[in-house]
1. Give the range A:44-59 a look and list any residue that's surrounded by 17 or more Cβ atoms within 10 Å (Cβ to Cβ) and more than 7 Å from DNA strand C (Cβ to nearest atom), or say none.
2. Could you list all residues from the range A:291-300 that are closer than 19 Å to A:LEU347 by Cα and crowded, with 17+ Cβ neighbours inside 10 Å?
3. Can you confirm whether the range A:195-203 contains a residue that is under 30 Å from A:ALA9 (Cβ atoms), surrounded by 17 or more Cβ atoms within 10 Å (Cβ to Cβ), among the aliphatic types (A, V, I, L, M) and not assigned by TED's automatic domain parsing to the domain that holds A:LEU336?
4. Would you pick out the residues in the range A:203-240 that are touching a helix residue (DSSP H, G or I) at 6+ places or on another chain (Cβ under 8 Å) and among the basic types (Lys, Arg)?
5. Of all residues in the range A:317-344, count the ones that are closer than 18 Å to A:LEU258 by Cα and out of contact with any helix residue (DSSP H, G or I) (no Cβ under 9 Å at 6 or more places or on another chain).
6. Can you tell me how many residues in the range A:308-335 are exposed (fewer than 15 other Cβ atoms within 10 Å of the Cβ) and closer than 24 Å to A:ALA84 by Cα?
7. List the number of the failed condition for A:HIS14; all other conditions in (1) within 20 Å of A:ASP341 (Cβ to Cβ); (2) more than 14 Å from DNA strand C (Cβ to nearest atom); (3) not hydroxyl-bearing (Ser, Thr, Tyr) hold.
Amino acid sequence: MPVESASVADRLLHYYDCHARRLPWRAPPGTNATDPYRVWLSEVMLQQTTVAAVIPYFEAFTARWPTVADLAAADDAALMSAWAGLGYYARARNLLACARVVARERGGRFPSSEAELRGLPGVGAYTAAAIAAIAFGARAVVVDANVERVVARLFAIATPLPAARAEIRQRTDAITPEARAGDFAQAMMDLGATICTVRNPACGICPLRETCAAFATADPTAFPLKAAKKARPQRSGDVWWIVRDDAVWLERRPAKGLLGGMRGLPTSAWIADASPTPKPTTSIQVPIGAPIGGQWDRLPMPVTHVFTHFALSLTVHIGTADSDCTMPGDGEWWPLAAIGDAGLPTLFAKVADAVMNREDALCRRLPQP
DNA sequence: CACTCGTGGTT
DNA sequence: TAACCAAGAGT
């Protein structure tokens, strides 16, 4: 077929046949061995998460839980710990719920239709379409952030996101082929990840540049247009590092909400801060709201962490509990030597690191005059 | 539609 | 360095 008359899908599939990224969840070239379990697991892990971050987690999960039945039988705490560090922990809770539905109610087989997939926990419009197309060969319209960018540029869509979503979906539908919709979707994502990037796109080697409306403009990166974003507020609070007999007190956080279901250190409430940036702790005083009595040391600098919608600064308080001390709340004494196995989310892993690796920097209690 | 919900890499 | 952003879902 002459290049001039090749469709967008034709060019993209040829690009994919020559340049597809080799990724652990993709079948080897020339084979059709698509395991829906692996497709589903990879798609959930890849939600709002980069390929580089996902790969080691995907390898660890598939080695430990080779089938959806294995995953369904996993211990809740073990799964949450295995997910620790990957973020968006509702995905891990929904992953387990979904695995148990598939294992117990569907004989361990994922549904093949987009509509049925859409009803599973943690499977939204994107993931249902991606699984239907990639794992089951269905023609589904797969729209993620890469596709949004590529399509917005292909057609120079002037409407800003998120209002442009309907038009982008319609355009994507129009260029999605009947056959190989899964390869087409993965080709779009490969293109978006490696050529049609947010900044500095490699238009010179793009297989679609001849028909790209944005390439014909002065600045292809102007697309997609986006609505202005809100400023990220600053919050601050206290975190308590309580040691007893070479163990630290860890809590199990409530199942819902921020870091829901994960282990963590006890903290105060996090209060909106008038100051836009965290400040070093300056005053020596008995901290308010400590879980136990006694005296406290304190790290000279707070631990800072940036979440999606706010930034946090935690003052780290260090105390010692008596051997017969009764702790409030749902928690356990975790051996300090095994703190790396506690499955702490990054925020609390930062606190642990700050305490255990910079003990020389402690703010010692001032001697009483 | 608007908001919550993590983290790490890139620029 | 501060900002931006990633194979989005749930409410």
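1. Correct list: A:VAL44, A:MET45, A:VAL54, A:TYR57, A:PHE58.
2. Correct list: A:ARG298, A:LEU299.
3. Yes - at least one qualifying residue is present in the range A:195-203.
4. The one that is touching a helix residue (DSSP H, G or I) at 6+ places or on another chain (Cβ under 8 Å) and among the basic types (Lys, Arg): A:ARG209.
5. 3
6. 6
7. (1)
Residues are listed down the side, and each one gets a yes or a no for (1) surrounded by fewer than 17 Cβ atoms within 10 Å (Cβ to Cβ); (2) in contact with a Gly (Cβ under 9 Å, 6 or more places away or on another chain); (3) free of Cβ contacts under 8 Å to residues at least 40 places away in the same chain:
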site: A:SER42; (1), (2), (3): no, no, yes
site: A:PHE61; (1), (2), (3): no, no, yes
site: A:PRO66; (1), (2), (3): yes, no, yes
site: A:ALA97; (1), (2), (3): yes, yes, yes
site: A:ARG104; (1), (2), (3): yes, no, yes
site: A:PRO111; (1), (2), (3): no, yes, yes
site: A:GLU114; (1), (2), (3): no, no, yes
site: A:ALA130; (1), (2), (3): no, yes, no
site: A:VAL147; (1), (2), (3): no, yes, no
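The values are calculated or read from the model by the stated rules, or taken from the named source; none is laboratory data. Keep in mind the model is a prediction, meaning the values are calculated, not measured. With ideal geometry, Cβ positions are generated from the backbone for all residues, glycine too; neighbour counts draw on all protein chains shown.
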